[in-house]
Structures are given as structure tokens and as C-alpha cells.
Amino acid sequence: MADAPNPVDIFDVKKVRRLIELMKEHDLSELDLKQADNRVRIRRGGEVVAYSAPSAPVARPAAAAPTTAGAAAPAAPDRTVVIKSPMVGTFYKASGPDAPPFVKVGDRIGPEKTACIIEAMKVFNEIPAGVSGQVVAILVENGAPVEFGQPLIKVDPEG
């Protein structure tokens with residue numbers, strides 16, 4: 001075997017350091033990489049949510065489209081607070097397919113309450129509400145891709 005490092009070696013110290021910097025920069029709690037038979041898992045912080053994403057697209061049952069018949073929720077737009085996505089990834093309402101959603105419309109939440117999970121690069125990041133109030137709308141479908149800064153959930157802080 002040659003002593004020269006593989007240019008795509010995932011165990012290269014410089015690359016691992018850069019991954020750690022990116023984790024800090026984007027407030028990620030876990031990173032799991034696999035290359036052939038080699039695997040690197042980097043964790044930081046507290047407990048990580050155990051969630052198994054399906055490896056292939058799974059057909060979801062046809063959910064009824066949210067109806068907005070007239071004034072469904074008379075929440076003034078100037079007093080609602082929007083929980084936005086802190087990263088690019090996939091939005092999940094619950095910790096697993098059979099688990100109840102973290103929040104539902106009408107729920108009262110506190111700032112430490114987990115509002116949802118955003119999966120980015122096979123890392124499942126719990127997103128705290130960051131606000132107290134009543135959930136008035138969930139703006140993203142479960143399993144939908146989200147962008148950085150995209151509105152996810154509307155909360156009425158006076159509700």
C-alpha cells in the first residue's frame with residue numbers, strides 16, 4: 001500500500017477540523033460520514049435525537065389539504081412570531097414516523113419546547129421554539145425540504 005494519503009480520505013485531520021468548525025458555525029449537534037468501509041461520527045453537546053429516516057422515498061398517505069375557509073384563525077399578522085429554519089434541510093414534525101408531532105395548531109408552547117426537527121446531512125437537529133405562546137399555523141409539510149430562514153411555524157405570543 002502507498003503511504004500517500006487518499007485525496008478524499010475522510011479521516012484527514014484538516015478535513016475533520018473543518019467539519020468541526022462547520023458544526024459550530026451551523027450549530028449542528030452530530031455529523032455522521034461514511035466512505036466505503038470507513039465511518040466518522042462527530043457529536044457535540046447533549047443528547048441527540050434517535051431518528052431513522054427511510055433510505056428510499058416512502059409513499060405518504062394523501063393528507064387533506066389545509067382548508068382556509070374565510071377567517072379560520074383571526075390572528076393579527078403583526079403580533080404573530082414566526083419560527084424560521086436555522087439551516088437548509090428536511091422538516092419533520094415528529095421524532096419518528098409513528099411518534100406524535102412535537103407541536104400542533106392550538107398547542108401552548110414555551111421557548112425551550114422542541115418545535116420540529118430539521119435533518120441536514122443525516123443529522124437530526126431539534127429546533128427549539130424560542131418563544132412562548134400558542135401555535136397558530138404550521139407552514140411546512142412533514143418531510144418537505146426547507147431553506148435557511150424559511151418560515152416554519154407561526155406562534156401567537158399573546159395566545
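The values are calculated or read from the model by the stated rules, or taken from the named source; none is laboratory data. These numbers come from a predicted model, not from an experiment. Positions of Cβ are generated from backbone atoms using ideal geometry, with glycine treated the same way; all protein chains shown enter the neighbour counts.
The residue that is nearest to Lys34 (Cα to Cα), among those in the range 96-124 that are among the β-branched types (Val, Ile, Thr) and surrounded by 17 or more Cβ atoms within 10 Å (Cβ to Cβ), is Val123.
In this structure, Asp78 qualifies as at pLDDT below 90 and either in contact with a strand residue (DSSP E or B) (Cβ under 6 Å, 6 or more places away or on another chain) or not hydroxyl-bearing (Ser, Thr, Tyr) (or both).
Would you check if Lys154 is within 23 Å of Met23 (Cα to Cα) and either more than 10 Å from the chain's Cα centre (by Cα) or in the same structural domain as Glu30 (by TED's automatic domain parsing) (or both)? For Lys154, the condition - within 23 Å of Met23 (Cα to Cα) and either more than 10 Å from the chain's Cα centre (by Cα) or in the same structural domain as Glu30 (by TED's automatic domain parsing) (or both) - is not met.
Selection of first residues in the range 113-124 that are acidic (Asp, Glu) and of second residues that are not in a strand (DSSP E or B), restricted to Cβ pairs under 9 Å at least 6 apart or on distinct chains, gives the following pairs, ordered by first then second residue: Glu119/Tyr51; Glu119/Ala53. All told, Ala144 meets the bar of being exposed (fewer than 14 other Cβ atoms within 10 Å of the Cβ) and either among the hydrophobic types (A, V, I, L, M, F, W, C) or assigned by TED's automatic domain parsing to the domain that holds Leu31 (or both).
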